[in-house]
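> Below is one structure. I have some questions about it.
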């Protein structure tokens, strides 16, 4: 079974701080729709990087042509796990993401690659900040909760959702500069719009809306990765590493 560290578990604090100091972490976030079996896009800060420059990989088969146009990496999810995740595990590094969703995906991929024996060597860092934020900034936490409910009542968002990473990054308790225009952006809706055009047309023939949605999706994913990394250092009371 993987070893799981959690930002929410106060008993893991010393271990997490020691790991953050070494930078032996691969920070990652995936974008996919609810019914997808594998990610359509991955953003990650490479293992050992102190700078924090996000690299993107497009995994969806229909995105191969746009990847070439944008000069982005394109590879299937299993290939990404084999070429990027597995070496981190072999070097006893840490895979960090904002929930355990990525952990589940990695576990399934290792089984599919006939590498299930590596699960015992996997060290996974769940960076979900909700409980930690509530403990350290209780007033701000409940203000955010009320703000989300207020946006539902005003019809700005369709239904009440759990507070997420971007809510904490946009709060007064974090120094992260999160773009306000991304507040209500839905990566799932963007993927639903982009995929048919990617499958049917060359990238240069996409509509302006599709091109804009792809650009925004890449930016959104970048801030998910960098914001998670930034907030983790903040909540651990450590000097915040460079964002770019």
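Please treat every number below as a calculation from the coordinates, not as lab data. On a predicted model such as this, the values are computed, not experimentally measured, just so you know.
> Taking only C-alpha pairs under 8 Å that are 6+ residues apart, what is the relative contact order of the chain in percent?
Normalised by residue count, the contact order of the chain is 25 percent.
> How large is log10 of I(q)/I(0) for segment 1-65 at q = 0.11, 0.18, 0.22, 0.29 Å⁻¹ when the intensity is taken from the Debye formula with one equal scatterer per alpha-carbon?
-0.39, -0.84, -0.99, -1.16
> Right, here's the next one. GNM on the chain, C-alpha springs below 10 Å: top fluctuator among 75, 134, 53?
Greatest mean-square fluctuation among the candidates belongs to 134.
> Same structure, new question: At what distance in angstrom do the alpha carbon centres of segment 86-121 and segment 170-244 lie from each other?
Distance between centres, Cα-based: 24 Å.
> Percent of Cα-Cα pairs per 5 Å bin, from 0 to the last occupied bin, for the chain, please list those.
1, 6, 13, 17, 18, 17, 14, 9, 4, 1, 0
> Right, next: Classify segment 98-138 as rounded, prolate or oblate, taking a ≥ b ≥ c as the square roots of the eigenvalues of its Cα gyration tensor: rounded when a/c is under 1.5, otherwise prolate if a/b is larger than b/c and oblate if not.
Since a/c reaches 1.5 and a/b is larger than b/c, the shape of segment 98-138 is classed as prolate.
> Something else: Using the Kirkwood radius built from alpha carbon pairs, what does the Stokes-Einstein equation give as D for segment 1-127 at 10 °C and 1.306 mPa s, in µm² per second?
105 µm²/s
> OK, next. Please report the Cα spread of segment 112-244 along all three principal axes, rounded to whole Å, starting with the longest.
50, 49, 29
> Can you pull the percent of Cα pairs in segment 76-160 with separation above 23 Å?
Pairs farther apart than 23 Å: 45 percent.
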